[in-house]
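The values are calculated or read from the model by the stated rules, or taken from the named source; none is laboratory data. The model shown is predicted, which means the values in this text are computed figures rather than measured ones. Because the Cβ atoms are built from the backbone with ideal geometry, glycine has one as well, and the counts that use them run over all protein chains shown. For the accessible areas, the whole protein counts, side chains as well, though only heavy atoms, and no ligand, DNA or RNA atoms are used. Shrake-Rupley method; radii C 1.70, N 1.55, O 1.52, S 1.80 Å.
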Amino acid sequence: MSEGNMRLTLKVWRQSNSNTEGGFENYQLEGISPDMSFLEMFDVLNEQLVEAKQEPVAFDHDCREGICGMCSMHINGQPHGPLQGVTTCQLHMRSFKDGDTIVVEPWRAGSFPVIKDLVVARDAFDRIMAAGGFVSVNTGNAQDANNLPIPKEAADDAFAAAACIGCGACVAACKNASAMLFVSAKISQLALLPQGQAERKIRAEKMVAQMDSEGFGACTNTGACSAECPKGITFDNIARMNREYLGAKLSSTNV
Amino acid sequence: MIVMSWFTQTLTSSIGKKLIMALTGLFLISFLVIHAAINAMIFYNDGGETFSHWGHFMGTNPIIRTLEIGLVLGFLFHIYDGLMLTKTNRAARPVSYASRNANANSTWYSRSMGLLGTIILIFLVIHTSHFWIPNRTNQFATGEELDLYNMMLTTFQNPWVVLIYVAGCFSLFWHLLHGFKSAFQTLGLYHVKYNGLIAFLGTAFSIVVPLLFALMPIAMYLGWVK
């Protein structure tokens, strides 16, 4: 990590647990390299806090290469900060100017309660997946994927939807804290493939029902989710989910 | 009751509420076409003859009068559903952000449909109390229609009224600019072959119809139409 010379003021949300009220704390940082990632900058902050015998800032992170979906952070009013198509670990300090004040908040949604500081519980997403985001294989081994002929275009579309890493930036960006981009990507990735056909209707019905019962908002079609998505999940997935759901409701045998 | 359970469950789901919003919205858009087309007859500038001919048809034809009940219901469902959606959407984010750069990812009017709708509703109360309510009340009481054309000429001599109407048209413009396209997205009608057409029609409709409406009080106030 090269020695840098950026001076920053961080305004970070601190909250001990989900039952206490939080608030902003200001921190001064010096010697930040523009080559650091945003998370590395937080590592520097936490080293300072530990040295000063203070509680380090809790934040989510794992792979630090943009594929796991763990890092969150609402930075200066945008999920994952000012760049498009990146996660917070892929955001570098060169995107900020020397002397900047940076406001860092957790994702804000009733369905994503704050666990501590910048860490929110995203298990609402897990419960939506458990409601129908899978293909049931009740016996035997999974067959070789290449046994099923799938046209390149269908595979590409399914893969583009499957690129969703479940980070929750769509919920964080949406004015309604709606999870529809996430749920639509998960419904789409299976609806587009032959393996997903058998459970297609029940999947759409159950996943949407779970999404609603988790307390996420509805979609106003502002497109903010898609614009902020680090994986570029496209807005047409939501249209597909609407078709899948309404079609399933009209034609499924689940009364 | 078994049939009702899946049906009501669908319509009260998040996507179902959006479906009602989209269908009633498109229905109200179809009403705007008729309303704008018939009112534009004032631009014949023939002392209201053509306008009154069609106004009489719209005010007395039994099919149109029946559809009018549907129109009122369409407005009520659109408003009620909008209120319900706003309520759940707000509840979904109990703690708001201290810093929010929403303009980086969406247009202000797409995020302000409730506000724009409320302004349009306030305008509608004023607008219907100018023409529709007195006319229908009179029809109910005496069986006679009022002279709407001369009522327009009188009403639009007041510059404040003209201003309120123009403001209502601006709100309608932004509401439609997002709402038209949004309705198709909600219905799942997102298709590479039709997206361009829907976007073009949406923008053109949002400009042409409110502009036509706004020109009516302006033209009467400035004496272009007598």
In terms of the charge dipole of the range B:65-132, which places +1 on Lys and Arg and -1 on Asp and Glu at the beta carbon, the residue among B:99, B:67, B:78 farthest towards the positive end is B:99
Any residue on another chain or 5+ positions along whose placed amide H is under 5 Å from the amide H of residue A:115 is listed here as A:120, A:121
With R₀ set to 25 angstrom, the calculated FRET efficiency between the beta-carbons of residue B:200 and residue B:35, to the nearest 0.05, is 0.70
Taking the alpha-carbon centre of each part, the distance from the range A:206-237 to the range A:17-56 in Å is 31
Nearest 10, in degrees from 0 to 90: the angle of helix B:2-12 to the longest Cα principal axis of chain B is 80
If exposed means GluC sites (Glu not before Pro) lying in a DSSP loop and surrounded by at most 10 other beta carbons within 10 Å, then the longest stretch of chain A lacking such sites spans residues A:66-255
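In chain A, what % of DSSP beta bridges are antiparallel (nearest 5)?
Details: 15 of 20 bridges.
Bridges in chain A that DSSP calls antiparallel: roughly 75 percent.
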For the residue A:202, residue B:193 Cβ pair and Förster radius 25 Å, calculated FRET efficiency rounded to 0.05 is 0.25
For chain B, the longest principal axis of the Cα atoms and the Cα long axis of helix B:113-130 enclose an angle in degrees, to the nearest 10, of 20
Given a Förster distance of 45 Å, the FRET efficiency implied by the Cβ-Cβ spacing of residue B:60 and residue A:213, rounded to the nearest 0.05, works out to 0.35
About its Cα centre, the protein assembly as shown carries a charge dipole, from +1 on Lys and Arg Cβ atoms and -1 on Asp and Glu Cβ atoms, whose size in debye to the nearest 20 is 960
Around residue B:195 (Cβ within 13 Å, Cβ-to-Cβ, excluding residue B:195; K/R +1, D/E -1) the net charge comes to +1
The set of residues whose placed amide H lies less than 5 Å from the amide H of residue A:78, leaving out same-chain residues fewer than 5 positions away, is B:101
Asserting the computed 222 nm helical MRE of chain B (DSSP H runs at least 4 long, -39500 (n - 2.57) per run, divided by residue count, to nearest 500) equals -26000 deg cm²/dmol
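Using 22 Å as the Cα-Cα cut-off, could you pick out the over-long pairs in A:175/A:201; B:18/B:87; A:116/B:87?
From the list (A:175/A:201; B:18/B:87; A:116/B:87), the Cα-Cα distance tops 22 Å for A:175/A:201; A:116/B:87.
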Asserting the computed 222 nm helical MRE of chain A (DSSP H runs at least 4 long, -39500 (n - 2.57) per run, divided by residue count, to nearest 500) equals -10500 deg cm²/dmol
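Over chain A, calculate the relative contact order: mean separation of alpha carbon pairs under 8 Å at least 6 apart, over the residue count, as a percent.
19
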So for the range A:118-157, using the alpha carbon gyration tensor with a ≥ b ≥ c as root eigenvalues (a/c under 1.5 gives rounded; past that, a/b versus b/c decides prolate or oblate), I'd call it oblate
In degrees rounded to 10, the 0-90 angle between helix A:200-213 Cα long axis and the longest Cα principal axis of chain A is 40
Descending accessible area (1.4 Å probe), largest on the left, turns A:97, A:206 into A:97, A:206
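What is the range A:137-199's relative contact order, in percent, from Cα pairs under 8 angstrom and six or more apart in sequence?
Once normalised by length, the contact order is 37 percent.
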Phi-derived 3J(HN,Hα) across the range A:145-154 with the Karplus relation (6.51, -1.76, 1.60, θ = phi - 60°), rounded Hz, x for Gly and Pro, is 4, 6, 5, 9, x, 10, x, 3, 4, 5
